[in-house]
Amino acid sequence: MSHPEKATAFLKDKARARWHDQSLWLVRSKRDNAATKLKEWEDLRNLASQIKEHTLSHLDTYLSRFEEKAMENGVIVHWAADAMEHNRIVENILKKHRAKKVVKSKSMLTEECHLNQHLEKCGMEVIDTDLGERIIQLAKEPPSHIVMPAIHKKREEVSEIFHTHLHTEKGNSDPLYLASSARAHLREKFLNADAAISGVNYAVAESGSVVICTNEGNADLGINLAKVHIACMGIEKVIPKTKDLGVFLRLLARSATGQAITTYSSHFQKPRDGAEMHVVIVDNGRSDQLGREHYHSSLKCIRCGACMNTCPIYRRSGGHSYDYTVPGPIGAILAPGRDMKKYSSLPFASTLCGSCSDVCPVKINIHEQLYKWRQDIGEAGYSGQSKSLLMALAGQILSSPRVYILLGRFSRWTLRNLPAFLINNRFNTWGKRRDLPDPPNRSFQEWYKKRKR
Amino acid sequence: MRSRDHIISRIRENLPEKKDYPKDTAFDYPEQLLDSFRENLITQGGAVVERMSRDSLIQDLFPGAIRTLDLRRGYSTPDFPLNELEVALFTAGFGVAENGAIWCSEKMLWKRELPVIAEHVIFVLKKKDIVGNMHSAYERLADLTGYGLFISGPSKTADIEQSLVIGAHGPKSHTVVLID
């Protein structure tokens, strides 16, 4: 199904769609409050963008340095060309340690690779410990937002899910009660886990360390209680120096939720005594994106979610409408790189308002890339038959002044004289939700000619 | 060809145009370090207490707490499982004014899970050890040690309908005791 089809389904429940829209907009406004408090906000964005651009243009060097330093610290480094290899590497590490119970903190990369399903097939229990992730894991749904995975769920729905799976009181939807129940349930998982899997917010080349940011502390609890830590990262997560963290940590939480910093910003450099730390570096199409002249800067992304919070389309269609691990504007410029045909509707799910580019902490020109993807998708013939036909027709009309004038006269006559039910036919998608304007009596050309005399 | 070599060579084939590492930029930070630190910590859900004396902090702040640990005294064998730790007291490495965070290094943790597994945490911080912003913080962190973290408040989540809940998986309260 394409984005428009899924979005239509989402919008059927008008009240719910409005609630979703308002929830996301609230997060966007929190971001604004935080950003305006720092007069150096734009300087920080420039700096972050430059650091990332520099890193991407020297990515081989920085990844090698990161590996070298990590290994010196006693960290075991693995490389995975694609999702399948990533999953197999993680499986093998877990099997080697006879790990059956695994806890996992948030990692969009592991979502992308469908790691949970793979490990479950191997007979392992994988528990997502971020509360939002746990909710959707129990609901058997994918996350709908990269920072707030359960933003589409109302408290009553969470209550139902917890009642079914955690045996909480039926009908009790008090967030404190539900979160406390989850705390007890997940604490037991943390204490009994054989291994902890995590994502990576930043991999520092200079020191070989991995930085993970959470508000809940679930990454720290999971990792520090288990004997094995497996940190999974995309190749684009590496940054050159420790001091670069100063820039990124000032931007990340403010952009994501409007907080000055997350509750926990944890630096993992060495495994503790008696424990093992692994890092899996994953390509899975990223080196291809690196080579795309117009799209490689999408790899600067620090996964803050600000673009989703501001996007009028995302807010009113929800993350599931994108049908891709990372939804929203950033998802719409990453996904076509993986499968242009399957994700061809995503760059068109946009008004090109540019708000995403405005809020992006690393200054990715998202709206320009959306536009460029449309052109590439059109040229490849994936923009859908109706669009291709319309574009061809429009080309004919606009290149012939006579046809254009005649058509204009006909349209004005039609709008003035035909009854509404004929105008609002099924070909008039624009008119589905909008009233067409009152037609003027004359075209601009006619008016101008008369005026001149 | 090993995956590593394959990935590195693919990256090399696809490297974008070379861009320089940006020049260093100096940033301002809040003038009133102490006030900013206090304000930002409270915004994040933390508590601030000002004290002259460093004694009997745990008993004063959490009277009645039984399973407690004072990490300032180094390693001690608790007579209860760490999962039941009610209150833990640490020395903060330093504080950051712009966000109310404190640095907690592995050097004071004989078990890495201590600052997150405890039900309540207290950090003692010298007022003069508050730096302005994260840039200053990283200048101070010459050696990261095996594990270290910035903590800016109690554990929290807003994952249930954007409703803020304090005490997600970790501490339900986070108190910084400011001393001279």
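The values are calculated or read from the model by the stated rules, or taken from the named source; none is laboratory data. Nothing here was measured: the structure is a model prediction, and the numbers come from that model. As a convention, Cβ positions derive from the backbone with ideal geometry for all residues, glycine included, and neighbour counts pool all protein chains shown. Side chains are part of the model used for accessible areas, which takes the heavy atoms of the whole protein and leaves out ligands, DNA and RNA. Shrake-Rupley method; radii C 1.70, N 1.55, O 1.52, S 1.80 Å.
Couple of notes before you dig in:
- Per-region count, region A:83-116, residues of a type in the set (Ser, Thr, Tyr) and loosely packed, with under 15 Cβ neighbours inside 10 Å: 0
- Residue within region B:116-137 that is closer than 29 Å to A:Phe190 by Cα and free of Cβ contacts under 8 Å to residues at least 40 places away in the same chain present: no
- Looking only at region B:19-70, residues that are buried (at least 18 other Cβ atoms within 10 Å of the Cβ) and of a type in the set (Gly, Ala, Ser) come to 3 in all.
- Total residues in region A:316-328, condition open to solvent by 10 Å² or more (accessible area, probe 1.4 Å) and either polar (S, T, N, Q) or assigned to a helix (DSSP H, G or I) (or both): 3
- The residues of region B:71-86 that are open to solvent by less than 70 Å² (accessible area, probe 1.4 Å) and either under 18 Å from B:Ile179 (Cβ atoms) or among the aromatic types (Phe, Trp, Tyr) (or both), listed by number, are B:Leu71, B:Phe80.
- Boolean, A:Val27 is out of contact with any Leu (no Cβ under 7 Å at 6 or more places or on another chain) and not in a helix (DSSP H, G or I): no
- Boolean, A:Ser159 is within 11 Å of another protein chain (Cβ to nearest Cβ), outside any helix (DSSP H, G or I), touching a helix residue (DSSP H, G or I) at 6+ places or on another chain (Cβ under 7 Å) and without any contact (Cβ under 8 Å) to a residue 24 or more places away in the chain: no
- Region B:138-151: number of residues that are more than 7 Å from every other protein chain (Cβ to nearest Cβ) and open to solvent by less than 10 Å² (accessible area, probe 1.4 Å): 0
- Summed over region A:294-314, the residues that are among the aliphatic types (A, V, I, L, M) and open to solvent by 20 Å² or more (accessible area, probe 1.4 Å) give a count of 1.
- Flag for B:Glu106 being crowded, with 19+ Cβ neighbours inside 10 Å, of a type in the set (Asp, Glu) and under 15 Å from B:Leu71 (Cβ atoms): no
- Boolean, B:Pro154 is part of a loop (DSSP other than H, G, I, E, B) and facing chain A (nearest Cβ under 9 Å): yes
- Identity of the residue in region A:261-271, under 21 Å from A:Val27 (Cα atoms) and assigned to a loop (DSSP other than H, G, I, E, B), that ends up most open to solvent (accessible area, probe 1.4 Å): A:Thr262
- Among the residues listed as A:Gly291, A:Gly258, A:Gly337, the single one being touching a Lys or Arg at 6+ places or on another chain (Cβ under 8 Å), open to solvent by 10 Å² or more (accessible area, probe 1.4 Å) and without any contact (Cβ under 8 Å) to a residue 60 or more places away in the chain: A:Gly337
- Which numbered condition A:Met277 fails, given (1) in contact with a Phe, Trp or Tyr (Cβ under 7 Å, 6 or more places away or on another chain); (2) assigned to a helix (DSSP H, G or I): (2)
- Residue check for B:Asp79: in contact with a Lys or Arg (Cβ under 9 Å, 6 or more places away or on another chain) and more than 10 Å from chain A (Cβ to nearest Cβ): yes
- Yes/no for B:Arg38 being more than 10 Å from chain A (Cβ to nearest Cβ), at negative phi and part of a loop (DSSP other than H, G, I, E, B): no
- Criterion: over 24 Å from B:Asn133 (Cβ atoms) and facing chain A (nearest Cβ under 7 Å) - qualifying residue of B:Ser3, B:Ser9, B:Ser56: B:Ser3
- Yes/no for B:Val96 being more than 11 Å from every other protein chain (Cβ to nearest Cβ) and open to solvent by less than 40 Å² (accessible area, probe 1.4 Å): no
To keep it simple, each residue is scored yes or no on (1) hydrophobic (A, V, I, L, M, F, W, C); (2) at pLDDT below 85; (3) more than 24 Å from A:Glu5 (Cβ to Cβ).
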| position | (1), (2), (3) |
| --- | --- |
| A:Ser388 | no, yes, no |
| A:Arg434 | no, yes, no |
| A:Pro437 | no, yes, yes |
| A:Glu446 | no, no, yes |
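- Among the residues of region A:31-82, those identified as within 9 Å of chain B (Cβ to nearest Cβ), assigned to a helix (DSSP H, G or I) and open to solvent by 40 Å² or more (accessible area, probe 1.4 Å) are A:Asp43, A:Asn46, A:Gln50.
- Qualifying residues in region A:131-147 (those that are in a loop (DSSP other than H, G, I, E, B) and closer than 14 Å to A:Gly319 by Cα) - the one most open to solvent (accessible area, probe 1.4 Å): A:Pro142
- Test: residue in region A:73-84 that is closer than 12 Å to A:Val282 by Cβ, acidic (Asp, Glu) and touching a residue at least 24 places away in the same chain (Cβ under 8 Å): yes
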